[in-house]
């Protein structure tokens, strides 16, 4: 049981870190800079951490900036206020994401247009065979260590880890919680849930200060990923462009 729980928690937080640190704060917003070596390092880390649910970094950034440009309007790829349920919101998110990934649509953000890609990792990450391979590895861990078959109910979460993180943040972060700022959209902060999402559910704060690396703004809020970002800046793995 403890091996399965450890595996689940490590996979959950590794994927959440990759999504928040690399895909969101670095690729989408350019909140910090890093050398080509470290960019490749975190690119590879994202591929391994997300595994079967790998999200193409540039397509993710394009999708995310579309969200900021049209937050909680009919043109927002994933506003919970224009879809009857979570499933339909994520179906539309997938459609827009695929438009960006396949080049059917281009972002107007200059920063995103100039992002580096890694065709080898992008190709592997988007390969159906590789996704199935990761799914098979997750399944083997459960076959070997799960104390009963009921634990296998967690496997779909492993298979779809990246989209699950995104679904929760985008639905709840614009529907439930409190607001610190008037932002022209419905973004909210859900502090309690942020323990699971490494800063990502401070949506109202983030929409007010979209390029600020620390998503917490009030004395009682804590972006639990920011201390790691601060430490990486101090040891010069990254260079913060905003605090």
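Remarks
- The Rg/Rh ratio of segment 1-74, with Rg taken over Cα atoms and Rh as the Kirkwood radius over Cα pairs, comes to 1.06.
- Structure remark: mean-square fluctuation, Gaussian network model of the chain, C-alpha springs under 10 Å; the largest value among 47, 197, 134 belongs to 134.
- Full extension of the chain segment joining residue 237 with residue 143 gains 30.0 nm, where the gain is 0.36 nm per residue of separation less the Cα-Cα distance.
- Whole-Å distance, taken between Cα centres, linking segment 2-42 and segment 188-211: 17
- Relative contact order of the chain, pairs being alpha-carbon contacts under 8 Å that are 6 or more residues apart, as %: 25
- Considering helices alone, the calculated mean residue ellipticity of the chain at 222 nm is -15500 deg cm²/dmol, with DSSP H runs of length four and up weighted by -39500 (n - 2.57) and normalised per residue.
- With Cα atoms as the point set, the radius of gyration and Dmax of segment 76-201 evaluate to 17.8, 51 Å.
- Ellipsoid semi-axes in whole angstrom, largest first, where each is sqrt(5λ) of the Cα gyration tensor of segment 56-127: 23, 15, 8
- Among 166, 136, 177: highest mean-square fluctuation, GNM of the chain, C-alpha pairs under 10 Å: 136
- Where only alpha carbons of segment 91-139 are counted, the Rg and the Dmax (Å): 13.7, 41
- Kirkwood Rh, angstrom, segment 2-240 [1 / mean 1/r, Cα pairs]: 18.4
- Note that segment 35-95 shows a convex hull volume over its alpha carbon atoms of 89 Å³ per residue.
- Bins of 10 Å, starting at 0 and running to the largest distance - Cα pair percent for segment 139-199: 19, 34, 25, 15, 6, 0
- When the Gaussian network model of the chain links Cα atoms closer than 10 Å, the mean-square fluctuations of 120, 91, 154 top out at 120.
Readers should treat all values here as calculations from the given coordinates under stated rules, not as data from a laboratory. Please read all numbers here as calculations on a predicted model, not as lab measurements.
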